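Here's the structure, in structure tokens; my notes come after.
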Amino acid sequence: VDKFQNIEKLQQQDDSMNYVTVESAIQYEKDQNIYMVNHNATLSLLRLIRGLDFIRKFLETFYDNIDSHKKTHELAVQVYEQTLAFRHKW
């Protein structure tokens, strides 16, 4: 929700014409050199994609292990370590 709200806020600003499409938003933020700043569309989209990738891989792993004795949280930890853990320094 947070990532969608960031993008919606950008679409309501004076320069909202630059956020009509994903491609135009990315190009605008690259041209302005603000593409990796918090609360911008590019970084929000990147984080959203990473989260969706985690969910996709979790569902695949869950399906592939439907007959195993692994618990759901064990599968989630396994997928987290494969997809997101290296991005979190804690």
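Remarks
- Residue satisfying all of: in the stretch 28-69; of a type in the set (Ser, Thr, Tyr) and either in contact (Cβ under 8 Å) with a residue 12 or more places away in the chain or in a helix (DSSP H, G or I) (or both); most open to solvent (accessible area, probe 1.4 Å) among these: Tyr63
- Residue that is surrounded by the fewest Cβ atoms within 10 Å (Cβ to Cβ), among those in the stretch 1-27 that are part of a loop (DSSP other than H, G, I, E, B) and β-branched (Val, Ile, Thr): Val1
- A count restricted to the stretch 70-90 and to residues that are outside any helix (DSSP H, G or I) and either open to solvent by 100 Å² or more (accessible area, probe 1.4 Å) or farther than 14 Å from Ile55 by Cα (or both) stands at 5.
- Selection of first residues in the stretch 1-13 that are on the phi > 0 side of the Ramachandran plot and of second residues that are assigned to a loop (DSSP other than H, G, I, E, B) and open to solvent by 100 Å² or more (accessible area, probe 1.4 Å), restricted to Cβ pairs under 8 Å at least 6 apart or on distinct chains, gives an empty result.
- The requirement of being among the hydroxyl-bearing types (Ser, Thr, Tyr) and in contact with a helix residue (DSSP H, G or I) (Cβ under 6 Å, 6 or more places away or on another chain) is satisfied by Thr61.
The values are calculated or read from the model by the stated rules, or taken from the named source; none is laboratory data. Nothing here was measured: the structure is a model prediction, and the numbers come from that model. In this analysis, Cβ positions are derived from the backbone assuming ideal geometry, glycine residues included, and neighbour counts consider all displayed protein chains. The protein model used for the area step is the full one, side chains on, heavy atoms only, and it has no ligands, DNA or RNA in it. Shrake-Rupley method; radii C 1.70, N 1.55, O 1.52, S 1.80 Å.
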